[in-house]
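Here's the structure, in C-alpha cells; my notes come after.
The values are calculated or read from the model by the stated rules, or taken from the named source; none is laboratory data. Note that this is a predicted model, so its numbers are computed, not measured. Here the Cβ is made from the backbone with ideal geometry for all residues, glycine too, and neighbour counts use every protein chain on show.
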C-alpha cells in the first residue's frame, strides 16, 4: 500500500524550504559550538578571548536587528536566504584552511563570528517573511509548527553530534562539515519556485523612521510597570547567563578535563529538556499563574547553576552533576 502525502507533506516548495531551514539551523548551532572548541582546544584561548568571541556572536545581531527587518522587507527573500547560506559556508571554510597552513589566529574567529551571526539573523528574518508566500494563509500555522519543531530537534542533535565531530575530526575539521551543511541548505532553497507576495505599496513605501519607532518602544516599556519589571529581570538573568557561558566551556575542558564528545552529549540533554519546558509553558494553567511560574523558573536557573562548581571532575558523578545542571536550567 502506497502512502499518500497530504497537506504540506505534499507541498514541494515548502518541503525544500523546510529542509533548507532545518539544515541551516543545524549548521548554525554546530558552528557556534565548533568555533568555541576551536578557540579553546586549537588556539588555547583564555577567558578574555572567549568573552570577546562570545560578544562577537551576540552584539552584531543585537545592533543590526532593528535595521535588518526593514531591509529584508525590501529585498527578494529567496536570494537572500541562499546568499546567507553561501556566505556562511565561505566564511567558515576559511577557518580549517587557515588551520591547515598554521596561520589561524583568534582574530580570524572574531571576524568570522561577527559576519556569520549577522547572516544568521538575516536568514532567520528572511525565512519567516518568505514562509507566508510559500504556503499561503491556509497552511501558515502548520508551516510555523513544523519549522519550530525542526529547530528543537536540531538543538538536540547538533550539540551531541558537534562534540563527537570535534573529538574525531578536530575542531577545525568539524567546521568543514559545518560549512558543507550550509551549501546543502542553499541547494534545497534553490529548488523553491514560489513567487513572493507583497503588499501593493510595499516596494515603493518610504523607509520608516527607525529611531522614532525605537524611542516609542522605550517609552512604552518605561511607562508600563509589568514590562519594566520583566525587562530588568531579563537583563540581570541574561547578563548572568552570558558571564557563565564565557567560562563554562573553558572550565569544563581546561580545568576538569572533559572531552568534546562527552560535553556534546551533555549539552544535548539541555536541548531535549527545552522541549519539555516549551510543552509545560504552553499549558493553559501556566498562563493563569504566569507570574509565579516565571519566579519558579528564575529560581530553577539559579539552583541549577550551583551544579557547575560542585562538579568533581571527569567521573560518573561529575557527568551526572552536569546533566543535572542541564535538566534544571534549560527548561526554565
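Taking residue 147, is it farther than 22 Å from residue 77 by Cα and either over 15 Å from the mean Cα position of the chain (by Cα) or crowded, with 17+ Cβ neighbours inside 10 Å (or both)? Before the answer, list the steps.
Details: farther than 22 Å from residue 77 by Cα: no; either over 15 Å from the mean Cα position of the chain (by Cα) or crowded, with 17+ Cβ neighbours inside 10 Å (or both): yes.
No: the conditions fail for residue 147.
Can you confirm whether residue 162 is farther than 20 Å from residue 76 by Cα and surrounded by fewer than 18 Cβ atoms within 10 Å (Cβ to Cβ)?
no
When you look at residue 80, is it surrounded by fewer than 22 Cβ atoms within 10 Å (Cβ to Cβ), touching a residue at least 12 places away in the same chain (Cβ under 8 Å) and closer than 18 Å to residue 249 by Cα, yes or no?
So residue 80 fails the test.
From (1) over 20 Å from residue 176 (Cα atoms); (2) over 17 Å from the mean Cα position of the chain (by Cα); (3) surrounded by 20 or more Cβ atoms within 10 Å (Cβ to Cβ), pick out the condition that doesn't hold for residue 99.
Single failed check for residue 99: (1).
Hand me the list of helices (runs of 4 or more DSSP H) wholly inside the stretch 63-174 holding 2 or more residues that are modelled with pLDDT of 85 or more and farther than 30 Å from residue 193 by Cβ.
Counting at least 2 such residues, we get 77-100, 106-135.
Every residue, every condition in (1) under 24 Å from the mean Cα position of the chain (by Cα); (2) at pLDDT 80 or above; (3) loosely packed, with under 12 Cβ neighbours inside 10 Å, yes or no:
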{"position": "281", "(1), (2), (3)": "yes, no, no"}
{"position": "294", "(1), (2), (3)": "yes, no, no"}
{"position": "306", "(1), (2), (3)": "no, no, no"}
{"position": "322", "(1), (2), (3)": "yes, yes, no"}
